[in-house]
Amino acid sequence: MAFDNLSDRMQMALRRVRGKGRLTENDIEEMMKEVRLSLLEADVNFKVVKSFTKEVKEKALGEKILKGLNPGQQVVKIVNDELTKLMGEKTALLELNLTGITKIMMVGLQGAGKTTTAGKLANLVRKTNNLKPLLVALDIYRPAAIEQLKTIGQQLDIDVFELGIFVKPSVIIAKAMVYAEQNGHNLIIADTAGRLHIDEKMMQELVEVKEILKPHEILLTVDSMTGQDAVTVASSFNEQLSVTGAILTKLDGDTRGGAALSLRQVTQIPIKYMGMGEKLDQLEVFHPERMASRILGMGDVMTLVDKVTDNLDEDDMMSLMEKMMSGNYNYNDFLKQLKMIKKMGSLGGIMKLIPGVSKMMKNSNIDEKQLVYIEVIINSMTKEERKKPDLIAKSSSRRKRIASGSGRKVSDVNKLIQNLDQQKMMMKRMGSMNPQQMASGNPLSGMTAPKAKKGKGKNRGGFRR
Amino acid sequence: MGFFNSLFNKKEKKLNREKYRIGMAKTRNSVFGSLKELIDSNSKFDDDFFDELEEIFIMADIGVNTVVKFVAHLRSEIELNKTESSDDVKDLIVEEMFKLYVKDEIVSSNLDILDDRLNIVLFVGVNGVGKTTTIGKIAYEYLNKGKKVMMVAGDTFRAGAIEQLKIWSERVKCSFYSKEEGSDPSSVIYDAIQLAKETSVDLLLIDTAGRLQNKINLMKELEKVNKVIGREVPEAPHETLLVIDATTGQNGLVQAKVFNEVTDITGVVLSKLDGTAKGGIALGIKDELNIPIKYVGLGEKIEDLEPFDIEEYIYGLFADIF
């Protein structure tokens with residue numbers, strides 16, 4: 001697809017605007033068209049899009065372009081900031097009843113993921129708040145729904161209360177409450193049947209359950225792939241039940257999840273958790289700011305990519321990439337790469353743009369001086385050595401000579417050799433990615449402690465496009 | 001007017017139409033009610049009109065690309081023909097939407113199910129779209145046509161999935177094959193095909209686990225399933241149906257693309273169309289990938305599955321504007 005994300009769209013709209021110090025109304029108008037399409041493609045409700053672009057337009061009008069940003073980046077920044085604001089700036093927490101039984105009711109359309117989420121939530125809250133959960137099976141309609149909840153309960157070692165499919169949910173929940181009281185459960189999570197918000201009879205059933213349970217939380221489970229209808233569904237559930245929070249499911253997919261924004265904007269319901277996979281520990285507290293860049297179809301990494309592509313000759317980069325892939329990557333290429341990194345500006349600044357990296361940077365020392373040292377070391381190599389890294393790797397006398405020539409320690413030379421090998425390995429792995437992504441990956445590989453690169457999730461999202 | 005009348009009066013499919021009408025009543029009221037307003041309140045068809053038209057189609061989740069293209073086309077038609085009356089514009093919209101779907105081809109919603117052979121239909125899709133329920137409904141349809149039907153529980157992953165399909169098989173009274181939870185789906189399906197051959201089953205309906213299309217391993221698993229089926233029965237699966245939830249937005253298009261790369265999707269089942277969502281993404285899928293819609297799900301009852309009929313669908317969407 002040509003326009004996978006807002007940044008690409010902006011670049012297209014901006015060809016004419018580039019170089020201007022201030023944006024005219026026309027420029028912004030053009031850009032807002034792209035913002036609009038981009039948000040629509042992300043499934044943000046069209047009414048929300050309309051009011052949103054209007055606001056951003058007013059904000060952007062007349063704003064002076066920040067040094068170092070082109071007008072496109074500037075507008076992307078405004079859009080991102082505003083979007084983050086709309087998503088709610090801080091994480092919404094679960095309402096817990098610390099002295100008695102915390103009661104939660106899961107509601108939503110069919111197939112949104114209520115049952116799985118009920119299990120995940122019980123598991124998560126048990127862990128974080130040390131509660132003793134009870135899952136209650138109120139879905140008496142969908143074949144094997146109770147079976148499903150029981151299996152999940154078994155897997156998690158959590159009690160499941162059920163009375164089969166022939167007892168009314170309002171009766172089941174009343175009995176479940178007594179059971180919880182008697183058995184020392186201090187968290188009830190009721191898994192209700194999926195239903196259409198326009199099904200009056202079924203909605204009435206929920207109202208009855210609510211009246212008996214008097215839940216602290218009514219959580220609306222919303223499939224993150226939902227389109228324009230998310231607003232209708234959420235508003236309707238909210239009107240009939242006064243929903244206290246939402247859980248966005250299936251976010252481990254590749255949907256951009258604009259429904260989240262619509263939900264927030266139209267109903268004001270805070271999103272509390274997000275489902276990140278089918279495993280029962282894959283439920284996370286929702287982070288609004290991450291959602292904003294996802295809806296835009298980019299991490300801040302896109303800004304980085306812009307920086308890179310603005311500063312570097314693409315042909316140059318492609319030939320470098322090819323070299324890397326071929327496995328003939330040598331010190332000359334390493335040096336060229338360093339120069340590219342330098343061109344892009346401060347390493348620390350670039351790293352911060354990559355989502356998730358700023359956090360890990362705290363733990364790993366990236367010393368910009370290192371870059372200079374590496375350059376010096378490479379400059380102390382002979383032409384032959386630069387072309388054939390093996391020469392150095394195999395000869396300790398060469399390493400010694402290079403170290404003394406560059407005024408560094410032999411251990412520094414060894415580290416460089418390791419770095420080069422790491423780079424090569426990384427390149428092999430990256431073979432399937434595209435050049436822009438690699439460009440953002442490179443500076444990481446050579447310069448960070450190996451520990452920082454490993455570990456789950458640290459880079460997660462960083463290379464999503 | 002002309003086109004519209006000929007489209008809907010010549011046919012005598014009252015029952016179906018009634019179902020669509022009930023199923024999609026909310027759809028019409030919420031979205032295309034505003035279309036009527038828009039057209040009736042506009043005496044001239046200018047930028048604002050087309051912008052709003054665009055929004056109305058986008059609201060139905062028809063893919064953004066498709067909508068932009070479609071509205072631009074409408075605009076040029078209206079300008080070219082100097083269309084002025086709002087009735088003519090309404091006709092034009094319906095007619096063009098019809099053309100957008102059929103594209104001068106014959107689009108059939110029939111499944112490729114023949115007599116005297118083992119027919120295999122594979123059901124795929126992301127999680128929670130209604131694959132299992134759809135299988136139950138299709139089994140019911142073909143049992144009523146006198147076919148010998150067997151269901152296979154290829155979803156060995158999700159808790160309760162096997163049980164769910166089994167209950168459906170008991171409801172419709174057809175044979176059912178499964179292994180224990182956690183089995184390799186390919187081996188389940190392989191065995192089921194052998195059994196189907198031995199017992200001269202006419203129609204084998206294969207359920208698979210819901211999977212998000214960006215899960216590479218799960219998509220590989222599906223590829224393998226597909227291969228196994230093709231190896232055991234040449235030309236099979238005869239149909240691979242992608243079930244899409246009508247509430248799905250633009251991601252539906254991505255789903256169709258990626259699943260199609262792995263399994264060669266022959267049709268879409270648009271489920272849960274009885275809500276307020278319009279399922280317009282299916283039109284986007286047809287437009288961009290040329291994959292037809294075969295069925296629409298209009299309720300939870302066993303008979304609430306209808307063969308897709310573009311005329312009925314458009315009628316369902318537009319009935320209020322006429």
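The values are calculated or read from the model by the stated rules, or taken from the named source; none is laboratory data. Model, not experiment: these values are computed from the prediction. FYI the Cβ positions are ideal-geometry reconstructions off the backbone, even for glycines, and counts take in every protein chain you see. Note: areas computed on protein heavy atoms with side chains; ligands, DNA, RNA excluded. Shrake-Rupley method; radii C 1.70, N 1.55, O 1.52, S 1.80 Å.
All but one of (1) assigned by TED's automatic domain parsing to the domain that holds B:Ile206; (2) in contact (Cβ under 8 Å) with a residue 40 or more places away in the chain hold for B:Gln164, so report the exception by its number. Going through (1) assigned by TED's automatic domain parsing to the domain that holds B:Ile206; (2) in contact (Cβ under 8 Å) with a residue 40 or more places away in the chain one by one, B:Gln164 breaks only (2).
Listed here are the residues, each with its yes/no results for (1) closer than 17 Å to B:Ala139 by Cβ; (2) among the aliphatic types (A, V, I, L, M); (3) more than 14 Å from chain A (Cβ to nearest Cβ); (4) open to solvent by 20 Å² or more (accessible area, probe 1.4 Å).
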residue: B:Lys166; (1), (2), (3), (4): yes, no, no, yes
residue: B:Val188; (1), (2), (3), (4): no, yes, yes, no
residue: B:Asn217; (1), (2), (3), (4): no, no, no, yes
residue: B:Ile244; (1), (2), (3), (4): no, yes, no, no
residue: B:Phe259; (1), (2), (3), (4): no, no, no, no
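Checking each residue in the stretch B:298-314 for being more than 10 Å from chain A (Cβ to nearest Cβ) and over 20 Å from B:Lys103 (Cβ atoms) picks out B:Leu298, B:Lys301, B:Ile302, B:Glu303, B:Asp304, B:Leu305, B:Glu306.
Specify the residue that is nearest to A:Leu251 (Cα to Cα); the eligible residues are those in the stretch B:231-242 that are open to solvent by less than 30 Å² (accessible area, probe 1.4 Å) and more than 14 Å from chain A (Cβ to nearest Cβ). Per the criteria, the residue is B:Leu241.
Restricting to the stretch A:103-119, what's the tally of residues that are open to solvent by less than 10 Å² (accessible area, probe 1.4 Å) and farther than 16 Å from A:Phe161 by Cα? Qualifying residue count, the stretch A:103-119: 4.
Once the stretch A:215-229 is narrowed to residues that are among the aliphatic types (A, V, I, L, M) and within 21 Å of A:Thr91 (Cβ to Cβ), the residue that is nearest to the other protein chains (Cβ to nearest Cβ) is A:Val222. Set side by side, the residues B:Asp51, B:Asp40, B:Asp47 differ, and just one is out of contact with any His (no Cβ under 9 Å at 6 or more places or on another chain), touching a residue at least 24 places away in the same chain (Cβ under 8 Å) and surrounded by fewer than 14 Cβ atoms within 10 Å (Cβ to Cβ), which is B:Asp40.
In the stretch B:199-215, the residue that is most open to solvent (accessible area, probe 1.4 Å) out of those that are among the charged types (D, E, K, R) and under 23 Å from B:Trp168 (Cβ atoms) is B:Asp202.
If the condition is being modelled with pLDDT under 95 and over 16 Å from the mean Cα position of the chain (by Cα), then the stretch B:234-257 contributes B:Pro234, B:Glu235, B:Ala236.
Tell me, which residue of the stretch B:261-289 that is in a helix (DSSP H, G or I) and more than 14 Å from the chain's Cα centre (by Cα) is nearest to the other protein chains (Cβ to nearest Cβ)? Among them, the one singled out is B:Glu288. You will find that of A:Asn26, A:Asn70, A:Asn80, the residue that is open to solvent by 50 Å² or more (accessible area, probe 1.4 Å) and modelled with pLDDT under 85 is A:Asn26 and no other.
When residues in the stretch B:148-161 are screened for being more than 8 Å from every other protein chain (Cβ to nearest Cβ) and buried (at least 17 other Cβ atoms within 10 Å of the Cβ), 8 of them pass. The number of residues in the stretch B:58-82 that are open to solvent by less than 50 Å² (accessible area, probe 1.4 Å) and either touching a residue at least 24 places away in the same chain (Cβ under 8 Å) or within 14 Å of chain A (Cβ to nearest Cβ) (or both) comes to 13. The C-beta contact set for the stretch A:28-53 (first residue at the interface with another protein chain (Cβ under 10 Å from one of its Cβ atoms), second residue charged (D, E, K, R), distance under 7 angstrom, 6+ apart or interchain) comprises A:Leu37/A:Arg9; A:Ser38/A:Arg9; A:Ala42/A:Arg256; A:Asp43/A:Arg256; A:Phe46/B:Glu55; A:Val49/A:Arg36.
Please determine whether any residue of the stretch B:208-215 is away from chain A (no Cβ under 14 Å) and not hydroxyl-bearing (Ser, Thr, Tyr). No: zero hits. Scanning the stretch B:168-186 for residues being free of Cβ contacts under 8 Å to residues at least 60 places away in the same chain and either within 14 Å of chain A (Cβ to nearest Cβ) or open to solvent by 30 Å² or more (accessible area, probe 1.4 Å) (or both) gives a total of 13. For the residues A:Asn123, A:Asn129, A:Asn97, the requirement of being outside the structural domain of A:Tyr273 (by TED's automatic domain parsing) and in contact (Cβ under 8 Å) with a residue 24 or more places away in the chain singles out A:Asn97.
Here B:Ile120 qualifies as at pLDDT 95 or above and under 27 Å from B:Lys166 (Cβ atoms). For the stretch A:177-194, the condition of being of a type in the set (Phe, Trp, Tyr), in contact with a Phe, Trp or Tyr (Cβ under 6 Å, 6 or more places away or on another chain) and open to solvent by less than 30 Å² (accessible area, probe 1.4 Å) holds for none of the residues. Number of residues in the stretch A:237-276 that are of a type in the set (Gly, Ala, Ser) and open to solvent by 10 Å² or more (accessible area, probe 1.4 Å) equals 1.
The strands (runs of 3 or more DSSP E) found entirely in the stretch A:83-176 that carry 1 or more residues being within 14 Å of another protein chain (Cβ to nearest Cβ), under 32 Å from the mean Cα position of the chain (by Cα) and more than 30 Å from B:Leu298 (Cα to Cα) are A:133-137. From the list A:Gly108, A:Gly88, A:Gly100, pick out the single residue that is closer than 30 Å to B:Lys272 by Cα and not basic (Lys, Arg). Testing whether each residue is closer than 30 Å to B:Lys272 by Cα and not basic (Lys, Arg) leaves just A:Gly108. The residues on offer are B:Ser109, B:Ser85, and the sole one that is in contact (Cβ under 8 Å) with a residue 40 or more places away in the chain and either of a type in the set (D, E, K, R) or open to solvent by less than 70 Å² (accessible area, probe 1.4 Å) (or both) is B:Ser109. Only residues that are in a helix (DSSP H, G or I) and open to solvent by 60 Å² or more (accessible area, probe 1.4 Å) were counted in the stretch A:209-219, giving 3. Scanning the stretch A:231-243 for any residue that is of a type outside the set (Ser, Thr, Tyr), more than 11 Å from chain B (Cβ to nearest Cβ), closer than 14 Å to A:Val107 by Cα and free of Cβ contacts under 8 Å to residues at least 24 places away in the same chain turns up at least one such residue. Cβ-Cβ contacts under 9 Å between residues 6 or more apart (or on different chains), taken from a first residue in the stretch A:273-293 that is within 14 Å of chain B (Cβ to nearest Cβ) and free of Cβ contacts under 8 Å to residues at least 40 places away in the same chain to a second residue that is surrounded by fewer than 21 Cβ atoms within 10 Å (Cβ to Cβ) and among the acidic types (Asp, Glu), are listed as A:Met276/A:Asp252; A:Met276/A:Glu284; A:Gly277/A:Asp252.
Given the conditions (1) within 11 Å of chain A (Cβ to nearest Cβ); (2) in a helix (DSSP H, G or I); (3) of a type in the set (D, E, K, R), which single one is not true for B:Lys227? It is condition (1) that B:Lys227 fails.
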